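J.: If you scroll down you'll find the structure; I have some questions about it.
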Amino acid sequence: MQASEERAALEALYRQISTLRAQVEQEGAAQYQRWLPYLKRPPFARSARNLADYLALRKHDLRPLQRELAWLGLSSLGRAESRVRENLEALLATLSRMLGHGKMPYPRPEDFFAR
């Protein structure tokens, strides 16, 4: 694969992940809002939001995307269930750097590994 083809593939992957992140954010937020009246324990809110995001992520067929990510040695999102948005943000930050788009921030370690 030539450098221009690799760049085009990376750009396409970046757009796909960006679109997926936006969809997960929107669909997850909508589901979370439906659950909010039933959440009685505030400490559970973070987990509930992640579950809503996870359900939103799994509505999408990730197989073609996972193949592209694996080819690059990146997370395939196959084990993202405990940190959905953080995994999507980390992927975008890495792809951003690979493309020379600047330094999109990675999730903070305390957010990525928070329980």
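The values are calculated or read from the model by the stated rules, or taken from the named source; none is laboratory data. Here the structure is a predicted model, which means the values were calculated and not measured. All Cβ positions, glycine included, derive from the backbone under ideal geometry; neighbour counts span all protein chains shown. Just the protein is used for accessible areas: all its heavy atoms, side chains included, with ligands, DNA and RNA removed. Shrake-Rupley method; radii C 1.70, N 1.55, O 1.52, S 1.80 Å.
J.: Take the Cα coordinates of the stretch 1-58, assign each an equal point scatterer, and use the Debye formula without solvent to give log10 I(q)/I(0) at q = 0.18 Å⁻¹.
T.: Scattering profile of the stretch 1-58, log10 relative to I(0): -0.64.
J.: Now for a different question. Rounded to the nearest percent, how much of the accessible area of the chain (1.4 Å probe, protein heavy atoms only) is carbon and sulfur?
T.: 54
J.: Give the accessible surface of the chain per residue, rounded to a whole number of Å², with probe radius 1.4 Å and ligands, DNA and RNA excluded.
T.: Per-residue value: 65 Å².
J.: Which of Ala3, Ala70, Pro109 sits closest to the plus end of the dipole of the chain, meaning its Cα is farthest towards the positive end, when Lys and Arg get +1 and Asp and Glu get -1 on the C-beta?
T.: Pro109
J.: Equivalent-ellipsoid semi-axes (√(5λ), Cα gyration tensor) for the chain, whole Å, largest first?
T.: Computed over the chain, the values are 29, 15, 11 Å.
J.: Follow-up question, since we're still on this one. Using +1 at the Cβ of each Lys and Arg and -1 at the Cβ of each Asp and Glu in the chain, identify which of Ala22, Leu36, Ala90 lies farthest towards the dipole's positive end.
T.: Final value for the positive-end residue is Leu36.
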